[in-house]
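Worksheet: one structure, shown below.
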Amino acid sequence: MSKGKYYLTTPIYYVNAAPHIGTAYCTFSADLIKRHKKQQGYDPVVLTTGSDEHGQKVERAAKAIGKTPAEYATTIANEFVRQWQTLGISYDRFIRTSDPKHFAVVRDLFERCEKNGYIYTGSYTGQYCFFDELYVTDAKPGDPCPDCGRLTETVTEENYFFKLSAFQDKLLSLYEREPKFIQPDTRRNELIGFVKKGLKDISITRTTINWGIPAPVEGKHVFYVWFDALISYMSAVQGTNLWPADLHLIGKDILRFHAIYWPAFLIAGELPLPKRVFATGWILVQESKMSKSRGNVVRPGPIAQVMGAGDELAGSDALRYFLWREIPFGQDGNFSYDALIDRYNADLANGIGNLASRTLTMIHQYCDGKIPASAGDPDIAASAARTTDLVNGHFDEFDFTRGIEAVLAFISQIDKFIVEHAPWKLVKARAADPEAESKLSETLYTSAESLRLICGWLYPVMPTSMVKIWTQLGMDTPLDLVSADVLVWGKLTPGQAVGKVQAVFPRIDSKPAIQKMQELEIVEIDRQNALMGKKPEPPPGDKASEQSELISIDDFAKVDLRVGEVKSAEPVKGADKLLHLKVDIGEPEPRTIVAGIALAYKPEQLIGRKVVIVANLQPRKLRGLTSQGMIVAASIDGGLPVLAGFREDIPVGARLK
């Protein structure tokens, strides 16, 4: 019997960039939840994703490459569709905010809010960040945007405003009444603190842009992109009984829009609210948030190609597994190629893959390729029941890491069980020992039945790979149709023929795999740049390359260069090239800096030396030490570093200009 419908959404991704590992992480997670809910008996389970296409950024990006905004948006929307299909995302609806059916729903909500007295006209002059599509409160001309750091622009226009200030108490009441409306709890607490400080009315139309949904009012007003985009979650399922959404899965950087603006709009329009908004963390690369300016954006396609040896769906499984195994859901987490391959080899190749290969191979060799008749080991059966409860409980709470850990603990138990019962010895003893045959049957049935359950538990995590093992077990029912009531002990049919044994998770040699992923990453960058009308990066030394690297005086002014004096220096344990320095730059406490200069300078040579420090770099961890800046040095033809210095006596803390 169905538990009822379950409707969930990913963010409606903005078309200013093609998909990367961060957008894939959120979409993978929605896919996992969809598969899990379907397995638990919800019907229908519907997943919506899509593209947010309006606003000044899209208008400007399209103009820069000689396309209309509609043409540009279609190109990027199609890229999202292509990538999600390549990565095995089983979404049901892809909504584009340029779809005319979406226009009607946006206008309807606006008119509802206006009818109920929550819309008024007004004039606004202020600083606007075109990159983030938002006004920057209290900013002055020339001030940077607090979110992205880009310079704001002064904008004056007549707008329609939404009375967000009227919803402070209503929202706080909602958060108290529905404690799971915002999750995880850390984000909920942050948001409550923000709302308690007071809310200001927001502009929901623009007159300075053309690319947007026309508002049903006099004049050339189009809807503000965030009023427009949020409503797509409703327009995607218009005409069904799927609304309200059971879950909005979003990135933490857009939580305010989803947990403040969105419920306020719906309350004003007297419409049902979504049941839960869950904010994922960021995928960090080199311990920093991914950004094009840092050059640390990682794309999922090259990873899937290499990890799956050309089978991108299998490679997608490896990436999915790594992200949930390594990163507690809702928190920030680091990605690195080394960690990806280490985790793959340890957990998948040596763990699940090895268990599947040895179990099925022994059934072929010792039981003529058929599942032996047995009820299985009762202790393992009891452990399997407990594991089922743990996995379902953790997945229900979106604690995917602990759910996977419960499965891994069970796999370790089965590996130990096989070693202790040694079926390779039992098969030799069965001619002389009548009990050896029944023990052999019990051991191999237990292993095979455990493997069946593991496939069911991990199907939402790695659908392609678990289907492969499921098929090798000889199962007839498609794994995507298997419900939770079948994932109980004893459902494996004795006498069932198993299939041909093939390695599902072959070991991966780290060095060539990483090199290949990095090579394909460059190819993918060029492909995406071409898709967006951008020219590929010129080769080093090219005049065009030199010209593209020119920066403005404003860019240079952002770099805080200071004179520092080295107070202490010592080697970093386990790192031949690193020194741990304490550098006085005129602050109350010396800065801790980890520098890769150990091959050029001995620690005692540096004490008392004046150096140049980049003082406003984001701190980063190296070998367990937090480095609070960077020492400026020259490197000639890739040789040893040479520290920048001064002939004159310069005071500590002096700034370089």
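The values are calculated or read from the model by the stated rules, or taken from the named source; none is laboratory data. A quick note: this is a predicted structure, and the numbers were derived from the prediction, not measured. As a convention, Cβ positions derive from the backbone with ideal geometry for all residues, glycine included, and neighbour counts pool all protein chains shown.
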Residue tally, condition farther than 22 Å from K115 by Cβ and either not in a helix (DSSP H, G or I) or not assigned by TED's automatic domain parsing to the domain that holds I267 (or both), over the range 157-173:
1
Within the bounds of the range 535-550, is there any residue that is modelled with pLDDT of 90 or more and either loosely packed, with under 11 Cβ neighbours inside 10 Å or not in a loop (DSSP other than H, G, I, E, B) (or both)?
no
Does P184 satisfy the criteria of being surrounded by 15 or more Cβ atoms within 10 Å (Cβ to Cβ) and either at pLDDT 95 or above or under 25 Å from P69 (Cα atoms) (or both)?
yes
Restricting to the range 327-342, give me the number of residues that are surrounded by fewer than 16 Cβ atoms within 10 Å (Cβ to Cβ), outside any loop (DSSP other than H, G, I, E, B) and either touching a strand residue (DSSP E or B) at 6+ places or on another chain (Cβ under 8 Å) or not acidic (D, E) (or both).
2
Mind listing whichever residues of the range 470-505 are loosely packed, with under 14 Cβ neighbours inside 10 Å and within 21 Å of M307 (Cα to Cα)?
Q502, A503
Filtering the range 588-626 for residues that are over 19 Å from R655 (Cβ atoms) and not in a loop (DSSP other than H, G, I, E, B) leaves a count of 12
Does any residue in the range 88-100 that is not assigned by TED's automatic domain parsing to the domain that holds A73 come within less than 6 Å, Cβ to Cβ, of a residue that is of a type in the set (G, A, S) and part of a loop (DSSP other than H, G, I, E, B) six or more places away or on a different chain, and which pairs are these?
none
Residue in the range 398-420 that is within 39 Å of the chain's Cα centre (by Cα) and part of a loop (DSSP other than H, G, I, E, B) present:
yes
Condition first: over 21 Å from K511 (Cβ atoms) and hydrophobic (A, V, I, L, M, F, W, C). Now tell me which residues in the range 321-350 satisfy that.
L323, W324, I327, F329
For the condition over 15 Å from T387 (Cα atoms), crowded, with 22+ Cβ neighbours inside 10 Å, among the β-branched types (V, I, T) and not assigned by TED's automatic domain parsing to the domain that holds Y42, what is the one hit in V419, V467, V427, V461?
V461
Looking at the range 389-411, can you tell me whether even one residue there is farther than 30 Å from S316 by Cα and either modelled with pLDDT of 95 or more or not aliphatic (A, V, I, L, M) (or both)?
no
Taking the stated definitions as given, is K180 touching a Lys or Arg at 6+ places or on another chain (Cβ under 8 Å) and in contact (Cβ under 8 Å) with a residue 40 or more places away in the chain?
yes
Of all helices (runs of 4 or more DSSP H) fully inside the range 1-119, the set with 2 or more residues that are of a type in the set (D, E, K, R) and in contact with a strand residue (DSSP E or B) (Cβ under 7 Å, 6 or more places away or on another chain) is 21-39
Could we say that L8 is of a type in the set (A, V, I, L, M), within 30 Å of S465 (Cβ to Cβ) and touching a residue at least 60 places away in the same chain (Cβ under 8 Å) here?
yes
Over the range 566-582, the set of residues closer than 23 Å to R655 by Cβ and surrounded by fewer than 21 Cβ atoms within 10 Å (Cβ to Cβ) is K567, K582
Would you please name the residue that is modelled with the lowest pLDDT, looking only at residues in the range 208-238 that are of a type in the set (V, I, T) and within 21 Å of A73 (Cβ to Cβ)?
T208
Tell me yes or no: at least one residue of the range 75-92 is of a type outside the set (A, V, I, L, M), in contact with an Asp or Glu (Cβ under 6 Å, 6 or more places away or on another chain) and crowded, with 20+ Cβ neighbours inside 10 Å.
no
